[in-house]
1. Taking amide H positions as placed 1.01 Å from N in the peptide plane, with prolines and chain starts having none, which residues 5 or more places from Arg27, or on another chain, fall under 5 Å of its amide H?
2. Under 5 Å between amide H atoms, partner at least 5 residues away or on a different chain: which partners does Asp112 have, H built in plane at 1.01 Å?
3. At 7 Å along the Cα-to-beta-carbon direction for both Asn57 and Lys76, put a label point, then send me their distance in nm to one decimal.
4. From the square roots a ≥ b ≥ c of the eigenvalues of the alpha-carbon gyration tensor of the chain, which class results: rounded (a/c under 1.5), prolate (a/b over b/c), or oblate?
5. For Lys43 and Ser124 in the same chain, what is the full-extension length gain: residue separation times 0.36 nm, less their Cα-Cα distance, in nm?
6. Normalising by the residue count of the chain, find the relative contact order in percent from Cα pairs under 8 Å and 6+ residues apart.
7. Would you work out the charge dipole size for the chain about its Cα centre, treating the Cβ of every Lys and Arg as +1 and the Cβ of every Asp and Glu as -1, and quote it to the nearest 20 debye?
8. How would segment 1-50 be classified by its alpha-carbon gyration tensor: rounded, prolate or oblate, with rounded meaning a/c under 1.5 and the a/b versus b/c comparison settling the rest?
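The values are calculated or read from the model by the stated rules, or taken from the named source; none is laboratory data. Owing to the predicted nature of the structure, the values given are computational and were not obtained by experimental measurement. With ideal geometry, Cβ positions are generated from the backbone for all residues, glycine too; neighbour counts draw on all protein chains shown. In case anyone asks, the SASA skips ligands and DNA or RNA and just uses the protein heavy atoms, side chains included. Shrake-Rupley method; radii C 1.70, N 1.55, O 1.52, S 1.80 Å.
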Amino acid sequence: QVQLVESGGGLVQAGGSLRLSCAASGRTFTIYVMGWFRQAPGKEREFVTSISWSGGNTHYADSVKGRFTISRDNAKNTVYLQMNSLKPEDTAVYYCAAAREPSAIMRTYEYDYWGQGTQVTVSS
């Protein structure tokens, strides 16, 4: 099993920045891909970004390209999401996820483990 714990959410004004962290523990050697998803009230959970644990290959949703950056620190088993130029439409609960298959990118069913989520609220 793998445990994921997110932190760093909060309230920020439009145009501001936040950095989310996701610390992984347990059988982390089974992880190939880490991802961030978000879910706004009344909407489905959607893909934000992902990164391969070993090679650093990244993917981004079009809505966050150029504003969000995913990175990893293998020594700390931690993935980060730097969010800049935040918009009110970025308001959501942000979830960290881990996949055991290297082909995982943006589908929720590709991910095996999920964190509890952290709230990000962007005020206009």
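1. Amide H to amide H, under 5 Å and 5 or more residues apart or across chains, Arg27 pairs with Val2, Gln3.
2. Distant-sequence amide H within range of Asp112: Ala98, Ala99, Arg100.
3. Reported label-point gap for Asn57 and Lys76 is 2.6 nm.
4. Note, shape of the chain comes out prolate.
5. Going from the current span to full extension adds 27.2 nm.
6. This gives 36 percent for the chain.
7. That gives the chain a dipole magnitude of about 160 debye.
8. It comes out prolate by the Cα gyration axes.
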